[in-house]
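Below: one structure, written as C-alpha cells.
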Amino acid sequence: MSPIRSATAAALASAVLATTLTGCQFGAEEQDTSPIVIAADLELSGAAAPVGKAYQRALELKVDQLNSSGALNGRKIELKVKDNRSDASESLRNISEFSEDARVSAIIMGGCNECAVGAARTIDEKRIPTIALAASGAVAEPVAQRRYMFKLAPNAADSAAALTAELRRAGVRKVGVLHSDDDYGREGLAALLREFDKANVKSQREVAVPNTATEVAQQVGVLTARDPDALVVWTPPEQATLAATSAQQAGFKGSLFFDASAAGDLFLGTAARATERATLIFTQTMVIDDVIATTPAKAARRQWFQDYTARFGGYHGSSSFAADAVQLIADAELRAGGPAGQVNRDGLRDVLETSQMDGLSGPIRMTPDNHSGLMPQALTTLVARNGRWRLAG
C-alpha cells in the first residue's frame, strides 16, 4: 500500500471513530448527579423547640436513609436547616433567603402556624414549593393564594370528628374545652362545637391558653369547677402535659381527651400518672409496635419507628410528617424533569399537587383543589397506659 493510501485509510478510520464517539455522546442522556437541596425552617429554639428538634432529627434520619438507598438515581439530598426561633418574622427572613438560593428545590417548614401563614404570600411570590408541618387550615387555604404551599398535618375537622366519636362512644355528655389561643386552636374549637352539636355533647365552657404558657392551673380550674364528664385538650404537647397534671392536682375525676396537636413523645415520663387512660387522636405510626405489619406500608412504618427509636432512644409522634415531606419532595424532584443540574421549581410544584402515597404518617393525597394531604383515615384512637401511648382496643 502506498503511503498516500495508507494515510487516507488512517484518516478515514479516525473519522469513523470520531463520528461513532460523537454519536454516543449525543445519543446518550446525561445523568443528573446534582444534589437535591431541601431547605428547612424549624423551631429549634424558643417556645416550640421540642417539636422543632424532633422534626430536625426526623429530617436528618430520612435524608440519610434515602441517600444510602440508591433510590435517587445517583443523586443525593442536601439538607439546609435554619432556626426561626419560634418567631414568624425570623421565619419569613429564612424563607426569603432560601428562595433566593437557586440550588434550593423546595422548603419544609416546621409546626409554627403563625410562621407558615405569615410566609404564604412570599412563598407564592417567590414560586418556591413548600411543605409546612403546621396544622392550621389557613396554611394551605385558599388554594388560589397558596399555589406553592402544601401541608402535612392532621386537619382540625378530621381530628374533631374522630375525637367527638370517641366522646360519644364513652357516653360523655358534658365537657370543658381547653384550646390554644391561636388560629389552629380557634379553628379546632369551631370544628368541635359543630361536631358536639351533631352528637348531643354539651360544652360547658371553653378557655384559651397561650402556646407559650408554662402554667395552666387557673384555666384548668375554671373548666373542672363545673364537674364535666371529660376535659378536651386542644393544645401543643407542652400545654397538654401541664393540663393533665393540673387536672390531677385539682382532683378531677373525669376523662381526658387530646386532639392530634397534643401528640409528643411516645413515653409520657413524669406525666404518666396524670395521663393514665387519657385518649389521643393521632396516627397509627405512633404505636406501630402494637400493629401487625400486614401490608408493605405498615411494614415501612414499623421500620421507621424502629430506626428512629434506635438512633434517638425514643419516639416523637410528629416525626413521620417530616419524613413524609422529604419523601414527597424527593419523588417530585425526580419526576419533575428539566435540564440536568438545574432546579425546576414549577415542575416540582406541579408534581406535588397531584402526589399520592401511603406515607409513614398514613395515606397522603394532594390535589389541585386540596393542598392538605393527610387523609382522615390516617387518624386513629390511642390510649395512655403504663406511661406510654398504646393502640386503643
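The values are calculated or read from the model by the stated rules, or taken from the named source; none is laboratory data. Small disclaimer: the values here were computed from a predicted structure and weren't measured. Quick reminder, even Gly has a Cβ in these numbers, built from the backbone with ideal geometry, and neighbours come from all protein chains shown. Just the protein is used for accessible areas: all its heavy atoms, side chains included, with ligands, DNA and RNA removed. Shrake-Rupley method; radii C 1.70, N 1.55, O 1.52, S 1.80 Å.
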Checking Ser105 against (1) at pLDDT 95 or above; (2) farther than 24 Å from Met286 by Cβ; (3) part of a helix (DSSP H, G or I), only one condition comes out false. Which one? (3)
Starting from the range 312-333, take each residue that is closer than 17 Å to Pro154 by Cβ and among the acidic types (Asp, Glu) and list its partners that are outside any strand (DSSP E or B) and open to solvent by 10 Å² or more (accessible area, probe 1.4 Å), counting only C-beta distances under 9 angstrom and pairs at least six apart or across chains. Asp324/Lys62; Asp324/Leu360
Testing Ala340 on (1) part of a strand (DSSP E or B); (2) modelled with pLDDT under 95, one condition comes back false. Which one is that? (1)
Test result for Ala378, more than 19 Å from Lys298 (Cβ to Cβ), in contact with a strand residue (DSSP E or B) (Cβ under 7 Å, 6 or more places away or on another chain) and surrounded by 15 or more Cβ atoms within 10 Å (Cβ to Cβ): no
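Go through the range 214-229 and give me each residue that's open to solvent by 20 Å² or more (accessible area, probe 1.4 Å) and touching a residue at least 12 places away in the same chain (Cβ under 8 Å).
Initial filter on the range 214-229 (open to solvent by 20 Å² or more (accessible area, probe 1.4 Å)): 214-215, 217-219, 221-222, 224-227, 229.
Of everything in the range 214-229, those that are open to solvent by 20 Å² or more (accessible area, probe 1.4 Å) and touching a residue at least 12 places away in the same chain (Cβ under 8 Å) turn out to be Thr214, Glu215, Ala217, Gln219, Gly221, Val222, Thr224, Arg226, Asp227, Asp229.
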Long-range neighbours under 8 Å by Cβ, at least six apart or interchain, first residue at positive phi within the range 64-84, second of a type in the set (A, V, I, L, M, F, W, C) and open to solvent by less than 70 Å² (accessible area, probe 1.4 Å): Asn73/Leu334
Looking only at the range 345-375, filter to residues that are free of Cβ contacts under 8 Å to residues at least 60 places away in the same chain and open to solvent by 60 Å² or more (accessible area, probe 1.4 Å); which one of those is farthest from Phe257 (Cα to Cα)? Asp350
Has the range 241-255 got at least one residue that is in contact with a His (Cβ under 9 Å, 6 or more places away or on another chain) and modelled with pLDDT of 95 or more? no
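What's the total number of residues in the range 137-155 that are of a type in the set (Gly, Ala, Ser), over 12 Å from the mean Cα position of the chain (by Cα) and within 25 Å of Leu59 (Cβ to Cβ)?
At the first step, the residues of the range 137-155 found to be of a type in the set (Gly, Ala, Ser) are 137-138, 140, 144, 153.
This time we only want the ones that are over 12 Å from the mean Cα position of the chain (by Cα), so: 137-138, 140, 144.
If we keep only those that are within 25 Å of Leu59 (Cβ to Cβ) too, we end up with 137-138, 140.
The qualifying residues number 3.
Every residue, every condition in (1) touching a strand residue (DSSP E or B) at 6+ places or on another chain (Cβ under 6 Å); (2) modelled with pLDDT of 95 or more, yes or no:
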residue: Thr19; (1), (2): no, no
residue: Asp41; (1), (2): yes, yes
residue: Pro50; (1), (2): no, no
residue: Lys53; (1), (2): no, yes
residue: Ala71; (1), (2): no, no
Considering residues of the range 266-285 that are free of Cβ contacts under 8 Å to residues at least 40 places away in the same chain and not aliphatic (A, V, I, L, M) only, the residue surrounded by the fewest Cβ atoms within 10 Å (Cβ to Cβ): Thr270
In the set Ala165, Ala135, which member is touching a Phe, Trp or Tyr at 6+ places or on another chain (Cβ under 7 Å), of a type in the set (A, V, I, L, M) and either open to solvent by 50 Å² or more (accessible area, probe 1.4 Å) or closer than 23 Å to Met375 by Cβ (or both)? Ala135
Go through Ala208, Ala263, Ala160, Ala199 for me and flag whichever is touching a helix residue (DSSP H, G or I) at 6+ places or on another chain (Cβ under 6 Å), surrounded by fewer than 24 Cβ atoms within 10 Å (Cβ to Cβ) and not acidic (Asp, Glu). Ala199
Within the range 237-257, which residues are touching a residue at least 40 places away in the same chain (Cβ under 8 Å) and within 24 Å of the chain's Cα centre (by Cα)? Pro237, Glu238, Gln239, Phe257
Taking the condition of being within 23 Å of Ala120 (Cβ to Cβ), more than 14 Å from the chain's Cα centre (by Cα) and of a type in the set (Val, Ile, Thr), how many residues in the range 37-91 meet it? 3
Does Glu166 count as touching a strand residue (DSSP E or B) at 6+ places or on another chain (Cβ under 9 Å) and more than 24 Å from Ala325 (Cα to Cα)? yes
